[in-house]
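Taking it in order: structure first as structure tokens, then the write-up.
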Amino acid sequence: MPGRSTIMPVISLSSVDSALSSLKTCHVSINTGIEVTTDVALALTEHEGNEEEVSKMENLMLDYVSMDRELEQFIQAVEDVTNQVKQERPEQLPDLKSLVDKRFNELKNLNKDEDLLKTDKYLHFKSQLNEMKKQVGAESQNENTSANEIDEDIAVTQSQRNFICPITQREMECPVKNKVCGHSYEEEAIIKIIQTKHKQRKKARCPVVGCDNGDVNQSDLSMDTTLRRAIEIHRRHQKR
Ligand SMILES: [Zn+2]
């Protein structure tokens, strides 16, 4: 019966075709998995989730990419075998399953793990992650700068009243700090007071109201660098 051997493979191969199309549905599921994993990884990065969680997503992505590769190779194996059978038109329908397995294994044996890192899907995923990291980095840098500026502003407002010399009642140019009582004054003004008092053979009182330091000496004074810097910053802000 010459018709039998030709018809049989055709029938069997059409069932292979329908199996193939259901495998391609599988492909869609994997792609959905890849999309969801990308979304989660991006959200984690955006909200600065810990590195560990992001790297779990990267591993999951590699799993999907690996599944994707094997599925493609299986589909490839089925197509190769079908084409081969269609071409050769053998008298007897061969064992399709073992042919597909054989071809699938041939293709799989060429697989290397590091190749997964070079696949388009993984590279696309990584580039999206990096883009997000850059964005988040730029934003947090902006936040830090403005936070610093706010801190600086608060510091300036808080110490602004300290910028005024208790003697001259003007903003200090060259503040010095009294290490005994901790008060600061314009250098020139406090030295003038000390010298005047000492000439009168009197002790110089700290001019700050309420301070009980009754003996201020030039050796107690040193440059108030902190206050000096604060005044400089304050002046820069005023110029803006
Ligand atoms: Zn004092």
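Could you check how many residues of the range 117-132 are among the aliphatic types (A, V, I, L, M), within 18 Å of Thr32 (Cα to Cα) and surrounded by 14 or more Cβ atoms within 10 Å (Cβ to Cβ)? Reasoning before the result, please.
Step one: of the range 117-132, the residues among the aliphatic types (A, V, I, L, M) are 117, 123, 129, 132.
From what's left, within 18 Å of Thr32 (Cα to Cα): 123, 129.
Imposing the further condition that a residue be surrounded by 14 or more Cβ atoms within 10 Å (Cβ to Cβ) reduces the set to 129.
Residues meeting the conditions: 1.
Output the qualifying pairs, or none if there are none: Cβ atoms under 7 angstrom, residues six or more apart or on different chains, first residue in the range 22-50 and in the same structural domain as Ser127 (by TED's automatic domain parsing) and part of a helix (DSSP H, G or I), second residue open to solvent by 40 Å² or more (accessible area, probe 1.4 Å) and among the acidic types (Asp, Glu).
Every condition considered, the pairs that remain are Leu44/Glu53.
Given the residues Gln135, Gln73, which is the only one that is of a type in the set (S, T, N, Q), in a helix (DSSP H, G or I) and open to solvent by less than 70 Å² (accessible area, probe 1.4 Å)?
Step by step, each of Gln135, Gln73 is checked, and only Gln73 is of a type in the set (S, T, N, Q), in a helix (DSSP H, G or I) and open to solvent by less than 70 Å² (accessible area, probe 1.4 Å).
Can you name the residue in the range 216-240 that is over 43 Å from the mean Cα position of the chain (by Cα) and among the hydroxyl-bearing types (Ser, Thr, Tyr) and, of all such residues, is surrounded by the most Cβ atoms within 10 Å (Cβ to Cβ)?
Ser222
Among Asn178, Asn213, Asn144, which is within 30 Å of Leu44 (Cβ to Cβ) and either open to solvent by less than 50 Å² (accessible area, probe 1.4 Å) or at pLDDT below 80 (or both)?
One residue alone meets the criteria, Asn144.
Among the residues of the range 37-61, how many are surrounded by fewer than 18 Cβ atoms within 10 Å (Cβ to Cβ) and closer than 30 Å to Val100 by Cβ?
2
Looking only at the range 181-210, which residues are near the ligand (Cβ under 10 Å from one of its atoms) and open to solvent by 100 Å² or more (accessible area, probe 1.4 Å)?
If the condition is that a residue be near the ligand (Cβ under 10 Å from one of its atoms) and open to solvent by 100 Å² or more (accessible area, probe 1.4 Å), then Arg205, Val209 are the ones that fit.
The values are calculated or read from the model by the stated rules, or taken from the named source; none is laboratory data. Bear in mind that the values here come from a model prediction, so they are computed numbers and not experimental data. A quick note on method: Cβ atoms are made from the backbone with ideal geometry, for glycine too, and the neighbour counts reach across all protein chains shown. Accessible surface areas use protein heavy atoms only, side chains included; no ligands, DNA or RNA. Shrake-Rupley method; radii C 1.70, N 1.55, O 1.52, S 1.80 Å.
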